[in-house]
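Take a look at the structure below.
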Amino acid sequence: MTEDLSTSAPGLDDRALVAAHVAGDPEAFGELVLRHRDRLWAVALRTTGDPEEAADALQDAFISAYRNAASYRGEAAVTTWLHRVVVNACLDRMRRRKARPTVHIPDDEPDSGARAVPDPRDDVDRLELRMEIDKALRALPVDQRSAIVLIDVEGLSVAEAAEVLGVPEGTVKSRCSRGRAKLAVALAGLRDPEAGINDPDDSGAGRNPSGGGSVPSSPDPSPDRPGTGPPGPPRPSPEVTP
């Protein structure tokens, strides 16, 4: 029976994988990790704000989920259960090492340099924006940060976030509201780096609309004004009838 489950593990849904793992399938939990590790890593990184802490917390979470999978009752989605395990592991580590200061330096984009003719300014702008957002998130109280990461970054519903955090839905909404207000203040100075550069040109200030205002156009030559321009063709004489 276990051998059959192992063979079909990639085709099972999350609940079935948990059940297969509890039943002794050696491949089921590994398949579950492969499906969700990237998303769970993002949660751990955003929650802790430190790559080393996030990696350790994620490892703690996977070990805990592996050992305690039998406690999963199936009342919530498996992803909700895993999120709760990861967030709890992050909070435990942060409480234990609260006094240790951390500095987060985001990694480079994994595909950096792989695009054809990249504009270096784009990568710099994105990196600076991401660093500012990460910095603002890290400045939030951990309860507000966790709620915002789950809802605004990971896309969980309020009900799912409440399940993960073990608090009422109203508490999640309140934490998100206070956290977003603080983020809005912290990020208020961010602007498009190119915004406003073309404003003087757009308004026409400081430049001649015709492109050469120091050279006015010449007036039409007139025979009544001698010396202004080349002479025109002679006027025909009036016809005289003999």
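Below are the figures for this structure:
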| item | result |
| --- | --- |
| Segment 119-190: C-alpha gyration tensor shape, a/c 1.5 cut-off, then a/b vs b/c | prolate |
| Percent RCO, i.e. relative contact order, over segment 1-102, from Cα pairs under 8 Å lying at least 6 residues apart | 26 percent |
| Ranked packing of 72-82, 39-49, 16-26, most packed first, by mean Cβ within 10 Å | 39-49, 16-26, 72-82 |
| Whole-Hz couplings from phi, Karplus 6.51/-1.76/1.60, listed for segment 161-167; x for Gly and Pro | 5, 5, 5, 5, 7, x, 10 |
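Every number here is computed from the coordinates shown, using simple stated rules; none is lab data. The structure displayed is predicted, hence computed values, not measured ones. Note that we place each Cβ from the backbone using ideal geometry, even for glycine, and neighbour counts take in every protein chain shown.
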